[in-house]
1. Step through the table entries 64/219; 98/159; 185/226; 22/112; 272/356; 64/185, compare each Cα-Cα distance with 24 Å, and write down the pairs that go over it.
2. Scaled to the compact-protein estimate 2.2 N^0.38 Å, what is the alpha-carbon radius of gyration of region 209-381, rounded to two decimal places?
3. Residue farthest toward the positive end of the dipole of region 3-203, with Cβ of Lys/Arg at +1 and Asp/Glu at -1: which of 34, 141, 52?
4. Based on the alpha-carbon gyration tensor of region 1-83 and its eigenvalue square roots a ≥ b ≥ c, which shape applies: rounded if a/c is under 1.5, prolate if not and a/b is larger than b/c, or oblate?
5. Compute log10 of I(q)/I(0) for region 125-197 with the Debye formula, placing one identical point scatterer on every Cα and leaving out solvent, at q = 0.12, 0.24, 0.25 Å⁻¹, to two decimals.
6. Against the longest principal axis of the chain, how steep is helix 357-372, in degrees 0 to 90 to the nearest 10, with axes from Cα atoms?
7. For the chain, find the longest principal axis of its Cα atoms and tell me its angle to the long axis of helix 132-148, 0 to 90°, nearest 10.
8. Please list the three semi-axes, largest first and in whole Å, of the ellipsoid equivalent to the chain, using sqrt of 5 times the eigenvalues of its alpha carbon gyration tensor.
Amino acid sequence: MDLNGLKARYFEIFNGEEEELKLFFSPGRVNLIGEHIDYNGGFVFPAAITFGIYGAVGLRSDGKVGVYSQNYAEAGVILFDLSSLERCEHESWSVYVKGVIDAFIKKGYALKQGFNVYIDSTIPKGAGGLSSSASLEMLIGQILDELNGLNIDMVSKIKLAQKAENEYVGVNCGIMDQFAIGMGKKDHAIKLNTNDLSYEYAVCDLQNYRVLIMNTNKKRELADSKYNERREECDRALACLQEKTDITYLCDLIPLEFEQTSSVLEEKKLYKRARHAVYENERVKLAIKALEQGDLLSFGELLNLSHQSLRDDYEVTGEELDVIVSLACKQDGVLGARMTGAGFGGCAIAIVHKDKLQSVQVAIAKGYKEIIGYYASFYVASIGDGTRTL
């Protein structure tokens, strides 16, 4: 991103004088393994990436906030007052901005004055699964902290961003996305226990392999509603299991314990949802151990098993993700592949040998176009640092 160009576009949009601007960055993220278990008390293994959202921010003399995104230029400048944060009927992307501001105010933080923010992103538009919404939430949290001298620790900002998405946006997400984005560390993934937010950084040494992001270019139209539906199903499964065992989360069970108690899950759908959560949590532990031992073959196979579980037990993949993952797994030089994110479109990842990156992309692109009818997009991910003031 050209930071001088970012500043220049701010002045074009907001007709600003030569005022002092502050610059901010918040990354996207990939989750290497551990999908749909951050709200079930499981372990996850995400990493921040170098694609992300940039913000150029200038102070206003009134109590209003002006927001503009180059990715949604057709919406123009959206203006609202800090004292009036009601959600509009047809709220656009600005719902994430208002939601974070609302969470800060309800927490008791005093926001001194308004501001303008010009936003541009290197996260490809429509690349669901890289958590652009959580990236934006963390960007706004960092902006509010910096402009108002609040000196809030990063974990507290992460919790406020999740609260905004749960209570204001209305998506009952877990905390993984915001945590990975806020706490990201260059060349490291995060082993995060979502039960108690304890975490460790793990060197992400893929040796001669790279993380290839594969964007299905399928708009995730069902993702939010199905996300909430899956979480409700997990809550129902948990309530049934609690009749036989003393657990707080589904992922408190290891696979053997689950099989010994799962007879209470008479509804097949609830059994499948719970089975995914329990076994996915186990796969995360095994994958981290494999990576620590340099066993990339086992690491890749665990990614494959993760996708199969998300397809068959959790039922959140869809044709596009299944096709692109299947094509990836057939290519020479690919150790494993899986969907990442909420599902129903968006992105998948593949672990690809660096010498095969080009040929793998060409082969997947050809096969995907033949089956789906339109092209996929590809990006090679680098693991970077978390949300920060530049």
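Values in this text are rule-based calculations from the coordinates and carry no lab data. This structure is a prediction, so every number in the text was calculated from the model and none was measured. Methodologically, a virtual Cβ is constructed for each residue, glycine included, from the backbone with ideal geometry; neighbour enumeration extends over all protein chains shown.
1. Checking Cα-Cα distances, 64/219; 185/226; 272/356; 64/185 exceed 24 Å.
2. 1.11
3. Value computed over the given set: 34.
4. Note, shape of region 1-83 comes out prolate.
5. Taking Cα atoms of region 125-197 as identical point scatterers yields -0.32, -1.20, -1.26.
6. Once rounded, one gets 80 degrees.
7. Helix 132-148 sits roughly 40 degrees off the main axis of the chain.
8. 35, 25, 19
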